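**Student:** I have a structure I would like to understand better, so I am pasting it below and will then ask my questions one at a time.
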Amino acid sequence: MRLDIASMALSLAIFSRHVRTASAFSMRPFTASSSGTSSQFTSSESKRARRRRPTPSSESLKILWEENMLSSHRGSPLRVGAVEGSETAVNGSAPGGQEDVVKFPLKGRNVEEAPPRMRFAPSPTGSLHVGGARTALYNWLVAKKGQLDFPSADSAFILRIEDTDVARSTKESEESVLADLRWLGLLWDEGPDMDSAPYGPYRQSERGEIYIKLANKLLEEGKAYRCFCTKEELEDMKAKQEAEGIPPRYDGTWRDADPELVKQKLEEGAEYTVRFKVPPGARVVIEDAVRGTVSWDAESTVGDFILLRSSGIPVYNFCVAVDDASMGVTTVIRAEEHLTNTLRQGLILDALGAPRPRYAHCSLILGEDKQKLSKRHGATSCNQFRLDGYLPDAMINYLALLGWNDGTDNEIFMRDELIETFDVDRVVKSPSIFDMDKLKWINSQHLKLKTVEELTDLVKEQFDILGFIKSGADEGKVRDFVFAATALAKQMMETTRDAATNAQKVLGYALPESFDKLEDAEAKEMIANGNFYPIAQTLIKKAEAGELPLPDAAEPLAVFFDENHNVITEDNHTGGSAYSFPEAYKVTMKQIAKDLKVKGKNLFHPVRLALTGEMSGQDVTKQLSLLYLASEEASVIDSDKVGVVPLEERIVILKKFCETIPVEFHAPRGQEEQSSKVERKQDVTADKSNSGESASQVVATTADPIDTYDGPPITSLDIRVGIIKRVWEHPEADKLYCEEIDIGEEQPRQIASGLRPYMKTEDMEGRKVLVLCNLKERKMVGFPSHGMVLCASNQDHSEVKFVNPPIDAKVGERVTIPGFDFEGEAGAPMSENPMAKKKVFDKIAPFLVTNKYGVPEFLGRPFMTSAGVCTSSISDGNVA
C-alpha cells in the first residue's frame, strides 16, 4: 500500500513554507563497509540531464505545485535530481507515462575511485560558527583538489540547506550563512541559489516528493511500516523500559501488524508515522578516515526508528541519507557529534540499494579551558571575526590547522597551498584547542604579506564599523587618512581593526592635568630623572612662538613615502625631502639635544610623552602627521567620537601639567656630575684632534647605537643557560626536533625547534645552549613548546648554529648585557602574556646580531654569563 503522495506532499508544502535558511555541518573522505548490503556508486562521467517537473497526480498536488511556483522566496521548482545512468525505480509510474524514479548517480561504482563530490549541509538556525566553517573548509579543499585532479569530471563542492527544523530555521539565518561562506571564499559549485544545478533542489524543504517516493519504495518492499502508536502509548512504553532498566527504544508493536488492522486504521483516518524496519542481527561497520573502524549492533542500539513523522515531515537522518545518495556525494566530512547518525543513515542507504559515501568525523573544537567552544570563550561566529578585523585567508589558514597539519613545521599557508597539501588522512583524532593568540599571530603574518594599498579598503571598513568617519566625507580625503593610519600601524597590526584603534589612541592625548594623577610608573620615574621638565618647557616655547615644525599642508603624507615614492612601514624610517616636515623636526630635536645637553632616551622619551601623551608608540613625526589630517578644518574624522586632541590643545594641557611637577624634578639628577663627564669627553676629543685624528674619526669613535635605540629594554628578555638532555624527531613534522632542556627548573622544558635540516641529534644532546624562557607555551604541530633555543644564522639562513655559552657557565643562570641593569625590579624579565601581546621579542630581534668575530651582541654589547662571553661560529649573522 503506497503513501498518499498528494496529502503527504501537502503537509510538506506547509513545512517548506515555514523554512528557508542555512548554517554549518559536515565534511571529509573515508572508506565504508557493512555486513549486509555492500555500497557502491554509479558512473560520474555520465552526462547530466535535467528532468521535467513531474505532472501533478491530484488536484491537491496541483495546488502544491502552483503555491511552490508562486512563492516569492522559492528557489527552483520541486523536481527530482537526476543524471543519465543507473537508477533506482520507485514502483509505479507517474501520470503521463513517465517512469517515476529517483536516481543514485554513483550506483555501481567504487566510491573511493570516483572524483570527489563533497557537501556542506548547514542547518539555517543561527550564524556560521568556527566548527561549521572548518567542516565547510575541509570539504571545499577536497573538492577543489578533485577538480584539479579530474578537470573533466563532475567533482564539486555542494551547498545543501538542511532546514527540517521548522521551528528554528529562518531565511535570515540562511542568508547569513551564505554571506559568511562567501566572505571566507568557500564558494560552492552547486547550491540553493543555482536553478540550473543538476541535482537540486538543494533545500530539504523543497525535496519532499523525493522523500515520499523513497518512503513508498521502502514500504512496498517491506523495509518500512506504518506505526499507529499514540504519543501516550509511546511515553508509557518508555517509562516501563526505564523502570526495568532497559535502554528506551521502540518495541516493534506495529512491526508485524495484521494487514487488516492496518487497513482499518487507515480507513479510520488514524495518524501514523513511518518507521524503518531494522533487519534482525543487522550490524553497521564503517572505516572512518579519522576514527578508524567503527561498528554498531543496529538492532540493540536504535530499534525501529521513524522516517516520516505523523505530519508527513521526514526526519533528519532519512533526508540526509536520501540527499547524499541522490546528489552523488562521495565523502562526508563532519563533526564527531554526528558519528551516531551514521548508523541510521547507513541502514537507510543499504535498504535503498544506494552506495554509502566515505566518512570522516572530525573531533570537536574546544576552548582553552578544554570545554566545548561557545560564546563564553569570545567570538565564535565567522561574521564576528570579520567585524573584528580578521582576514578571510588567515581564518582559512587557522581553521585548517584545527585538527590537521602537513607534516612540517609550516604554519602559514596560502589557499592554493592548502588545496595542494590537504589530506583527510592527516586529520588527527584528538580535540583541537581554539587559541585566540595563535589566530591573531597567523592573521598578523597574513597582514604582513599584504601592502598598505591592499589593506587600506579593509581598514576603511573598520573605521566605518566604529563610526569614526563623518557621514558624507570627501572620499579622497578619507582614503588619504585611512592610508596614513594603515601605514602607521602596519608593523604592529594583528587585525585590521588595530589600525583604527591605534589611530584613535594616536589622536587622543593621555597626559593628565597634573603630575599626581599620572598613573604610568615608568613615565613618573622618567619625569623624576629631571629631563622632562626642561624639554617640555622648550617645546612649549617653540610651539607658542610658532617655531615647532608642523606637517606641510601641501604634503601631509610626505613622512610615509621615501624618495622613490615607495610606502614606508618601518617605524625607524621616515620619508620626506630635505626641506620637508620630518627633516625639519630632526633639525629641531638636534638643536634641543645640543642646547640641553641630552641625547638618546633622555631626549626621545620626554619629547614623546610631551607631544603624544604616551611613553611608547610609532614614530612621532608620523603620529603628528596623522593628527594634522584629523585636526584640519576639513577633516573627515568625527572628532568627538574618536576623541581627537589637536596639537594646540596638547600644548595647553602640557603647560598646565608642567606647573604641577615638583620643583626637585625640574632639572636632571646629578647635573654637575654629568657636566664634568661632558667636559672630560670634550678634553678627550680635543686631545684626539690635536693628535691628528679627523673630526669624522672622532665622531665614529664616540657614536653609540644605544643613543638612537627606542625599542623595549633588553632586560625584558629572560635568556638563560640550558643543557639539552634529550632530542627526538617530531612524529608529524619533517623539520622539527623535540627537545628536553634543563634550565635549572624542577622539570626540564620541552621545546620544539626547526633544526632538523641543520643538525643531527647526536650533535645536540649534552650541548649547553641559550634558551629564551619567557615565551608563552604554544603547540608546534601538536607538541607543547615552551621557550626557544637561540641560534645564529647567516644572511640567507642557509647555515644555522647554536649560540654557545662558555663551557663553565652555570645551567639556569641569566644572560646579561654590559651597560644594562639586570638587577632588582627594573631589571626583571617581562612575564609571558605581555611579552606575547606586545611582541617584545619581535621588536628586539632585529638588534640581536653576531659581530665579525661571531660574538652575539645587542647594540654592540656582548651576551655575557658569569663565566664570560658567549660565542658563535657564524660571523656577521642574526640571532633568533
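The values are calculated or read from the model by the stated rules, or taken from the named source; none is laboratory data. Everything quoted here is computed from the prediction, not taken from an experiment. Here the Cβ is made from the backbone with ideal geometry for all residues, glycine too, and neighbour counts use every protein chain on show. For accessibility, only protein heavy atoms count, side chains too; no ligands or nucleic acids. Shrake-Rupley method; radii C 1.70, N 1.55, O 1.52, S 1.80 Å.
**Student:** With a ≥ b ≥ c taken as the square roots of the eigenvalues of the C-alpha gyration tensor of the range 102-245, please select rounded if a/c is under 1.5 and otherwise prolate if a/b is larger than b/c or oblate if it is not?
**Tutor:** prolate
**Student:** Additional query: What residues have an amide H closer than 5 Å to that of residue 433, excluding those fewer than 5 places away on the same chain, when H is modeled at 1.01 Å from N in the peptide plane?
**Tutor:** Amide H neighbours of residue 433, under 5 Å, 5+ apart: 366.
**Student:** Can you give me the distance in nm between label points at residue 187 and residue 240, each placed 7 Å from the Cα along the Cα-to-Cβ direction?
**Tutor:** So the label points at residue 187 and residue 240 sit 6.0 nm apart.
**Student:** Picking from 526, 422, 451, whose Cα lies most toward the positive end of the charge dipole for the range 370-528 (charges on Cβ: Lys, Arg +1; Asp, Glu -1)?
**Tutor:** Most positive-ward Cα: 422.
**Student:** Going by a ≥ b ≥ c, the root eigenvalues of the Cα gyration tensor, does the range 269-343 fall in the rounded group (a/c under 1.5), the prolate group (a/b larger than b/c) or the oblate group?
**Tutor:** In terms of gyration-tensor shape, oblate.
**Student:** Please list, by residue number, everything in the range 820-854 whose backbone N is under 20 Å from a paramagnetic label point 7 Å out along Cα→Cβ of residue 745.
**Tutor:** Taking a point 7 Å out along Cα→Cβ of residue 745, the residues of the range 820-854 whose backbone N falls under 20 Å are 828-842.
**Student:** What does the C-alpha gyration tensor say about the overall shape of the range 210-284? Classify as rounded when a/c is under 1.5, otherwise prolate if a/b is larger than b/c, or oblate.
**Tutor:** Judged from the Cα gyration tensor, the range 210-284 comes out oblate (a/c at least 1.5, b/c at or above a/b).
**Student:** Another question, if that's okay. Show the residues, 5+ positions off or on another chain, whose built amide H is closer than 5 Å to the amide H of residue 250.
**Tutor:** The list, which skips near neighbours in sequence, is 304.
**Student:** Just subtract the alpha-carbon distance of residue 449 and residue 253 from 0.36 nm times their residue separation and send over the number in nm, one decimal.
**Tutor:** 64.0 nm
**Student:** Turning to a different aspect of this structure: Rank-order 458-467, 130-139, 600-609, 156-165 by packing density, defined as the average count of other C-beta atoms within 10 Å over each peptide's residues, highest first.
**Tutor:** Packing proxy ranking, top to bottom: 130-139, 156-165, 600-609, 458-467.
**Student:** Cβ neighbours within 10 Å, averaged per peptide: list 207-217, 419-429 in order, most packed at the top.
**Tutor:** 207-217, 419-429
**Student:** Where does each of 123-129, 219-225 land if you order them by average Cβ count within 10 Å, highest first?
**Tutor:** So the order, starting with the most tightly packed, is 123-129, 219-225.
**Student:** Once you place label points 7 Å from the Cα toward the Cβ at residue 633 and residue 796, how far apart are they in nm?
**Tutor:** It is 5.8 nm.
**Student:** On to the next question. Leaving out ligands and nucleic acids, note down the accessible area per residue over the range 731-880 with a 1.4 angstrom probe, in whole Å².
**Tutor:** On a per-residue basis, 49 Å².
**Student:** Still on this structure, I have one more. How many nm separate the modelled label positions at residue 221 and residue 537, each set 7 Å beyond the Cα in the direction of the Cβ?
**Tutor:** Distance between label points: 9.8 nm.
**Student:** With Cβ to Cβ distances under 11 Å as the rule, what net charge do the other residues near residue 125 carry (K, R +1; D, E -1)?
**Tutor:** Computed value for this residue: -4.
**Student:** Which residues does a label at residue 299 reach in the range 217-255, if reach means a backbone N under 19 Å from a point 7 Å past the Cα toward the Cβ?
**Tutor:** Zone members listed by number: 222-225, 246-255.
**Student:** Okay, next question. Considering only protein heavy atoms and a probe of 1.4 Å, how much of the accessible area of the range 315-436 is carbon and sulfur, as a whole percent?
**Tutor:** 48
**Student:** Here's another thing I want to ask about it. Which lysines have a Cα lying under 21 Å from the Cα of residue 372, excluding residues fewer than 8 positions away in the same chain?
**Tutor:** 429, 438, 440, 779
**Student:** For the range 531-604, what is the accessible area per residue in Å², given a 1.4 Å probe and the full set of protein chains?
**Tutor:** Solvent-accessible surface per residue comes out at 57 Å².
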